[in-house]
Amino acid sequence: MNRTAFVTGAEGFIGSHLIKFLQAKGWNVIGGYLVHRSNSFPKLPNLEFVQCDLSNGQRVAQLFKEYEPTHVFHLGAQSLPTVSWVDPILTFESNIMGSLYLFEATRHMKHPPVVVSACSSAEYGHVPALAIPVTEEQPLRPLHPYGISKVCLDLLARQYFLDYKIPAVNIRLFNTTGPGKTNDAPSDFVRQLIGIKKGLRPPVIEVGNLKSRRAFLDVNDTVRGFYLAATRGKRGESYNLCASQTYQIGGLLRTAIRLSGVKGEIRPVPHLMRQSDERIIFGSSEKIRKDTGWKQLLSIEQTVKSMLEYWHGVM
């Protein structure tokens, strides 16, 4: 079967890795981007990039009609909880209305594609200790506008599956990191350490809350999860996608320091502290393992090493 994937959010961290993964699998891939970044898109066969503003429903419908994708990977979104507090209207317009336009476009296609949507662990909010690792049956009680917007996407996809038979699958992403990632603790640590190593900044590592615990999954394991959800996942279902072990943020910092060989003063700064911050974020991936055969392949040390190598090459 000739598979054609349309990936929204092609210029994003996960989207860019997913595009390369699918192209390497022999799929035809269309990367939909909002803002073009010069030299950011690879030149590869069976790969095309198009401007796709999800807030323009007519444009989305036009592109889907033109390319007739067999699969849509919906990653386009305002993806930062911190930004969602500052600008909740932008977050809702991007994440909720953009998703609605996308599902409306699929509803009017002659052959509706499989739609795999990037949802989020932020949908769960604070989870009681006895309920961790959290399963997909946990109530959705988000703590910020970003989390609320992802609950809306989760429910929207399910509604279009039930009402219009759109073959939708949701991935509730937990913390994902890797080469090229920005705006999370491991990437912030790694970039600062490389900056110190190259003499680009003083030997001071600025940090936020080091006591919280997170399960960071390598982006290469993440995109494989999206692929398996699209090809083997049950339609109408939501799946957690999470690393198998949590680490205290302070422990991740020590790992990055050890692997980099760089030392510096560790300095807490207010602007890196969130207004509300879950003590632990950890999900059970048993459901996606059972239904698709997915499993984590890369360790956190392998991920941090690859991030150090990446930023050493680009800074």
For this session: Rounded to the nearest 500, what is the 222 nm mean residue ellipticity of the chain from helices alone, with -39500 (n - 2.57) per DSSP H run of 4+ residues and division by all residues?
Result: -12000 deg cm²/dmol
For this session: Roll a 1.4 Å probe over the protein chains and send me the accessible area per residue for the chain in Å².
Result: 47 Å²
Exercise. Among Val223, Val269, Val127, whose mean-square fluctuation peaks in a Gaussian network model of the chain (Cα, cutoff 10 Å)?
Worked result: Val269
For this session: Could you work out how far helix 145-164 tilts from the main Cα principal axis of the chain, as a 0 to 90 degree angle to the nearest 10?
Result: 30 degrees
Exercise. To the nearest 10 square angstrom, what accessible area does Asp184 show with a 1.4 Å probe?
Worked result: 20 Å²
Exercise. Against the longest principal axis of the chain, how steep is helix 13-24, in degrees 0 to 90 to the nearest 10, with axes from Cα atoms?
Worked result: 60 degrees
Problem set entry | the chain: C-alpha pair distances exceeding 30 Å, % | 32 percent
For this session: Pull up the DSSP beta bridges for the chain and report the antiparallel fraction as a percent, rounded to 5.
Result: 5 percent
For this session: Return an integer: the convex hull volume of the alpha-carbon atoms of the stretch 187-234, in Å³ per residue.
Result: 104 Å³
For this session: Between Gly264, Gly76, Gly147, find the one with the highest GNM mean-square fluctuation for the chain; connect C-alpha pairs within less than 10 Å.
Result: Gly264
Seminar exercise, completed: A 1.4 Å probe over the protein heavy atoms gives the chain a carbon and sulfur accessible-area percentage of 52 percent
Seminar exercise, completed: Quick calc of log₁₀ I(q)/I(0), the stretch 50-148, Debye, one scatterer on every Cα, no solvent, q values 0.14, 0.18, 0.24 1/Å, result -0.62, -0.88, -1.17
For this session: Scan the stretch 242-273 for trypsin sites (Lys or Arg not before Pro) in coil per DSSP, keeping those whose Cβ has at most 14 other Cβ atoms within 10 Å, and list them by number.
Result: Lys263
For this session: Sort largest first and round to whole Å: the equivalent ellipsoid semi-axes of the stretch 53-92, each the square root of five times a Cα gyration tensor eigenvalue.
Result: 27, 12, 4
For this session: Can you run the Rg to Rh ratio on the stretch 249-315? Use alpha carbon positions and the Kirkwood inverse-distance Rh.
Result: 1.07
For this session: Would you mind checking which residues have amide H under 5 Å from Phe6's amide H? H placed 1.01 Å from N; only 5 or more apart, or other chain.
Result: Ile30, His71, Val72, Phe73
For this session: Run down the lysines and flag those whose C-alpha is under 27 Å from the C-alpha of Lys287, throwing out any fewer than 8 positions away in its chain.
Result: Lys20, Lys25, Lys150, Lys165, Lys181, Lys234, Lys295
For this session: Could you work out the relative contact order of the chain, using alpha carbon pairs under 8 angstrom and six or more residues apart, expressed as a whole percent?
Result: 17 percent
Problem set entry | Surface accessible to a 1.4 Å probe, Met97 within the full protein complex, Å² | 80 Å²
Exercise. Once both axes come from the Cα atoms, what is the angle between helix 219-232 and the longest principal axis of the chain, in degrees from 0 to 90, rounded to 10?
Worked result: 20 degrees
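The values are calculated or read from the model by the stated rules, or taken from the named source; none is laboratory data. Everything numeric in this text was worked out from a predicted model, so none of it was measured. Note: ideal-geometry Cβ built from the backbone for every residue, glycine included; neighbour counts use all protein chains shown. SASA here: full protein model, heavy atoms, side chains in, ligands and nucleic acids out. Shrake-Rupley method; radii C 1.70, N 1.55, O 1.52, S 1.80 Å.
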